[in-house]
Amino acid sequence: MSQADPTNRPLTQHVDQSRGAYDLNQYEAVGGYNSVRKMLKDLSPAEGLDILKASNLRGRGGAGFPTGMKWSFVPMQSDAERLAKPMQKYIVANADEMEPGTFKDRVIMEGCPHLLVEGMITGAAILQATTGYIFIRGEYVEAAEKLNRAISECRDKGWLGKNILGSGWDFDLHVHTSAGRYICGEETALLNSLEGKRATPRAKPPFPQVSGLWGKPTIVNNVETIANIPNIINFGPEWFQSLSLTEDAGTKLYGVSGRVKKAGCWELPMGTSARELLEVHAGGMSDGYSLKTFLPGGGSTPLLLPEHLDTPMDYTHIGKIGSRMGTGTMIMIDEQVDFIGALKNLEHFFAQESCGFCTPCRDGLPWVEKCLDNIMQGKGTRADIEFLDRATVNLNMGYTFCAHAPGAMGPLESALKYFRDEFEARIVSEAS
């Protein structure tokens, strides 16, 4: 993720390699925290929200919901009301990042922690929030250390704390290291965990924008989403939209993993094709391997085929061909992989990460894993395939409490659609 100052120098310059991240002085020297100053000196919260809505920024955590629209549901106060008795409101960055194959938020937090911190402060100024939390998985030790250091620098410099820039607005920010559960990617499960409760999703409504953390208005957004806010405030919605190749605005952190020559993560225009990501940036498949299928946006997105590589990687176009953009981090699966085994391994992850709150997810996902294991070991029957077909219906949206099990059904349903013959072949072989 890069930012630019008014001279258009990318913020990715001036890196102090000995520290591995920017200190506050380096960050400010290339335009860091200008968006905070602009929000507090030149713009009202309503004007900031209008800029965010006009930018067409969509959530980068997987769902792709319009950020400005989501934020518009938060109750706001007039300046007089806020100064007399500010409403307690929270902004939370979801840095749990446990989606299989996804590592883009880690790149931001370890490579440029001040960009996330600035996004949190600027976003809080738009929302009139009083407290912020970065909810980060326990394994991200380096990222947490760098974020805590950045926050400490900001407190010392006056970017956090009481009466920021003489505006009369108080805001502080904290890093919360979680014990780590995939279900914490669901925003209300995250809030329960942050409150010290069991990480299970909440019934909605009420939505967090009205009643979230400790019953107060709360916004929860992905790290990459929040990291886009400073640039949008600094340079405007038209600039942000101009960065994209398609109608879904901005840039995107795309990742590629699997048997490729150069796995990695790159910031590119939204709508960059999957083919360019694979063949240009990742260098193509490793020698001796050919692409069989790929997950376009992490482990919970439906599989796509090599014929889909020319599709623009954005929310609209990926949706039209039957998958989801998700996190934009592609997992390439080659022809030599035991495909049923890989699918079983993925479903094992989802089964063990179920919060156990609802029966279809708690009991259904282990049965999906068991059926796939039977087929992988040559012990499967036609009844196993029939069960998997039923699971893609009964564990989908409308039958479960949240989107965890439906997400797990994405890869399975698409595997049965595109590669049913491989499931059948394992059974026929055993019968013979």
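The values are calculated or read from the model by the stated rules, or taken from the named source; none is laboratory data. Since this is a predicted model, take the numbers as computed values, not measurements. In this analysis, Cβ positions are derived from the backbone assuming ideal geometry, glycine residues included, and neighbour counts consider all displayed protein chains.
Name the single residue, out of those in the stretch 274-306 being part of a loop (DSSP other than H, G, I, E, B) and among the hydrophobic types (A, V, I, L, M, F, W, C), that is farthest from Asn228 (Cα to Cα).
So in the stretch 274-306, the residues part of a loop (DSSP other than H, G, I, E, B) come out as 282-284, 286-290, 297, 299-303, 305.
Then keep just the ones that are among the hydrophobic types (A, V, I, L, M, F, W, C); that gives 282, 303, 305.
Details: Ala282: 24, Leu303: 28, Leu305: 31 Å.
If we take residues in the stretch 274-306 being part of a loop (DSSP other than H, G, I, E, B) and among the hydrophobic types (A, V, I, L, M, F, W, C), then Leu305 is farthest from Asn228 (Cα to Cα).
Considering the stretch 214-250 alone, what residues qualify as being within 30 Å of Thr400 (Cα to Cα) and more than 20 Å from the chain's Cα centre (by Cα)? Step through it out loud before you land on a result.
Kept after step one, since they are within 30 Å of Thr400 (Cα to Cα), are these residues of the stretch 214-250: 214-226, 248.
If the condition is that a residue be within 30 Å of Thr400 (Cα to Cα) and more than 20 Å from the chain's Cα centre (by Cα), then Trp214, Gly215, Lys216, Pro217 are the ones that fit.
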Open item on the list: Any residue at all in the stretch 182-191 that's touching a Leu at 6+ places or on another chain (Cβ under 8 Å) and outside any loop (DSSP other than H, G, I, E, B)?
Closed with: yes
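Which helices (runs of 4 or more DSSP H) sit wholly inside the stretch 368-432 and have at least 2 residues that are β-branched (Val, Ile, Thr) and surrounded by 15 or more Cβ atoms within 10 Å (Cβ to Cβ)? I'd like the intermediate steps shown before the answer.
Working: elements: 382-394, 404-418, 420-431.
Filter on the stretch 368-432 gives 382-394.
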Task: Given (1) assigned to a strand (DSSP E or B); (2) in contact with a Ser or Thr (Cβ under 9 Å, 6 or more places away or on another chain), number of the condition Phe240 does not satisfy - done: (1)
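Quickly run through the stretch 387-416 and pick out the residues that are charged (D, E, K, R), closer than 16 Å to Ile340 by Cβ and without any contact (Cβ under 8 Å) to a residue 40 or more places away in the chain.
Just the residues of the stretch 387-416 that are charged (D, E, K, R), to begin with: 389-390, 413.
After this cut, where a residue has to be closer than 16 Å to Ile340 by Cβ as well, the list is 389, 413.
Across the stretch 387-416, the qualifying residue is only Asp389.
Ile136: under 18 Å from the mean Cα position of the chain (by Cα), surrounded by 15 or more Cβ atoms within 10 Å (Cβ to Cβ) and outside any loop (DSSP other than H, G, I, E, B), yes or no? It would help to see each step written out before you state the result.
Numbers: under 18 Å from the mean Cα position of the chain (by Cα): yes; surrounded by 15 or more Cβ atoms within 10 Å (Cβ to Cβ): yes; outside any loop (DSSP other than H, G, I, E, B): yes.
Answer is yes for this residue.
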Open item on the list: Whether any residue in the stretch 265-273 is modelled with pLDDT of 95 or more and assigned to a helix (DSSP H, G or I) is what I want to check.
Closed with: no
Open item on the list: Suppose we filter Trp214, Trp169 for residues that are in a loop (DSSP other than H, G, I, E, B) and either within 16 Å of Ala93 (Cα to Cα) or assigned by TED's automatic domain parsing to the domain that holds Met76 (or both); which single one remains?
Closed with: Trp169
Open item on the list: Checking Glu99 against (1) farther than 15 Å from Ala144 by Cβ; (2) in a helix (DSSP H, G or I); (3) of a type in the set (D, E, K, R), only one condition comes out false. Which one?
Closed with: (2)
TODO: Would you be able to tell me the number of residues in the stretch 79-95 that are hydrophobic (A, V, I, L, M, F, W, C) and either outside any helix (DSSP H, G or I) or surrounded by 12 or more Cβ atoms within 10 Å (Cβ to Cβ) (or both)?
DONE: 5
TODO: Please indicate, with yes or no, whether at least one residue in the stretch 337-345 is touching a strand residue (DSSP E or B) at 6+ places or on another chain (Cβ under 7 Å), farther than 18 Å from Ser257 by Cα, surrounded by 18 or more Cβ atoms within 10 Å (Cβ to Cβ) and not small (Gly, Ala, Ser).
DONE: no
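Given the condition under 23 Å from Asn34 (Cα atoms) and buried (at least 24 other Cβ atoms within 10 Å of the Cβ), answer yes or no: does some residue in the stretch 96-103 qualify? Break it down stepwise before answering.
In the first step, residues of the stretch 96-103 are kept if they are under 23 Å from Asn34 (Cα atoms); the result is none.
No, the stretch 96-103 contains no residue that is under 23 Å from Asn34 (Cα atoms) and buried (at least 24 other Cβ atoms within 10 Å of the Cβ).
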Open item on the list: Considering only the stretch 235-255, I want to know if a residue exists there that is in contact with a Leu (Cβ under 8 Å, 6 or more places away or on another chain) and more than 28 Å from Glu47 (Cα to Cα).
Closed with: yes
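One line per residue, one yes/no per condition, for (1) farther than 27 Å from Glu267 by Cβ; (2) in contact with a Phe, Trp or Tyr (Cβ under 7 Å, 6 or more places away or on another chain); (3) modelled with pLDDT under 95:
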| position | (1), (2), (3) |
| --- | --- |
| Pro296 | no, no, no |
| Leu304 | no, yes, no |
| Thr327 | no, no, yes |
| Ile331 | no, yes, no |
| Cys355 | yes, no, yes |
| Thr359 | yes, no, yes |
| Leu365 | yes, yes, no |
| Leu372 | yes, no, no |
| Lys379 | yes, no, yes |
